[in-house]
1. Of the residues Val97, Val117, which single one is hydrophobic (A, V, I, L, M, F, W, C) and more than 19 Å from Ala157 (Cβ to Cβ)?
2. Could you list, in sequence order, the residues of the stretch 89-128 that are of a type in the set (Lys, Arg), assigned to a helix (DSSP H, G or I) and either closer than 30 Å to Lys27 by Cα or touching a strand residue (DSSP E or B) at 6+ places or on another chain (Cβ under 6 Å) (or both)?
3. Might you check whether a residue that is part of a helix (DSSP H, G or I) and aromatic (Phe, Trp, Tyr) occurs anywhere in the stretch 144-156?
4. Any idea which residue in the stretch 143-182 is nearest to His119 (Cα to Cα), counting only those that are over 30 Å from the mean Cα position of the chain (by Cα) and either acidic (Asp, Glu) or outside the structural domain of Phe104 (by TED's automatic domain parsing) (or both)?
5. Of the conditions (1) exposed (fewer than 14 other Cβ atoms within 10 Å of the Cβ); (2) modelled with pLDDT of 90 or more; (3) more than 30 Å from Gly138 (Cβ to Cβ), Asp112 fails just one. Which one is it?
6. Scan the stretch 30-79 residue by residue and report those that are hydroxyl-bearing (Ser, Thr, Tyr) and surrounded by fewer than 16 Cβ atoms within 10 Å (Cβ to Cβ).
7. Which one of Val183, Val137 is surrounded by fewer than 19 Cβ atoms within 10 Å (Cβ to Cβ), within 25 Å of Thr94 (Cβ to Cβ) and of a type in the set (Val, Ile, Thr)?
Amino acid sequence: MAIEPRGSFRGRRVIPEEPYKINKLIKAVSVRVVGENVTVGIYPIEEAIKIAEGIGLDLVEVSPNAEPPVCRVVDYSKFKYEQKKKQKELKAKTHKVSVKEIRFGPNTDEHDFEFKVKHAINFLKAGDKVKAYVHFVGRTIVYKERGELLLTNFIKALDEYAKVELAPKLEGKRMFVFLIPRVAAPKK
């Protein structure tokens with residue numbers, strides 16, 4: 001039975017490639033060794049592997065681009081688990097910015113306008129971008145100035161919560177504006 005390199009196919013299953021080099025897979029001549037219960041220093045690779053094996057742990061290359069490469073003496077499976085855990089925490093902390101759309105007609109009432117402004121405030125407080133647009137249907141395209149006035153009033157109403165990313169612009173039958181949340185939006 002031939003040994004297949006990591007990352008290759010065996011049947012339908014893919015063997016995942018290891019993210020770090022360990023023990024004999026480290027190609028450097030000498031490495032900087034760090035870790036608990038280890039004297040930090042630069043050692044030849046054979047001596048560094050002996051130090052790790054003497055403690056009953058693995059030598060893991062954590063910084064291959066350093067000169068010389070930095071290797072840590074740790075339990076590799078525990079090390080991989082901690083790295084996955086850190087990646088998961090970072091992913092959970094990131095906030096994906098989404099774009100929320102608010103649609104107006106050129107003849108939108110004052111009450112509907114206020115209602116949509118309240119929704120926009122909630123979206124901006126949540127950290128989302130807002131795309132507000134006036135949709136002109138049929139012959140209402142002749143009321144472009146009404147649409148522009150509506151969007152200008154919308155921008156003024158949200159002035160303390162948002163700043164304009166893209167000024168009112170007409171494209172086809174839609175006039176739209178993009179708003180992004182201010183860094184420190186005041187709480188009401």
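The values are calculated or read from the model by the stated rules, or taken from the named source; none is laboratory data. The model shown is predicted, which means the values in this text are computed figures rather than measured ones. No Cβ is skipped: glycine too gets one built from the backbone with ideal geometry, and neighbour counts run over all protein chains shown.
1. Result of the check over Val97, Val117: Val97.
2. Passing the criteria: only Lys116.
3. Yes, the conditions are met somewhere in the stretch 144-156.
4. Of everything passing the filter in the stretch 143-182, Glu148 is nearest to His119 (Cα to Cα).
5. Result: Asp112 fails condition (3) only.
6. Scanning the stretch 30-79 gives Ser30, Thr39, Ser63, Ser77.
7. Val183
So that you can scan it fast, the table gives a plain yes or no per residue for (1) surrounded by 14 or more Cβ atoms within 10 Å (Cβ to Cβ); (2) closer than 20 Å to Asn107 by Cβ; (3) of a type in the set (Phe, Trp, Tyr); (4) in contact (Cβ under 8 Å) with a residue 24 or more places away in the chain:
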{"residue": "Ala120", "(1), (2), (3), (4)": "yes, yes, no, yes"}
{"residue": "Ala126", "(1), (2), (3), (4)": "no, no, no, no"}
{"residue": "Phe154", "(1), (2), (3), (4)": "yes, yes, yes, yes"}
{"residue": "Val177", "(1), (2), (3), (4)": "yes, yes, no, yes"}
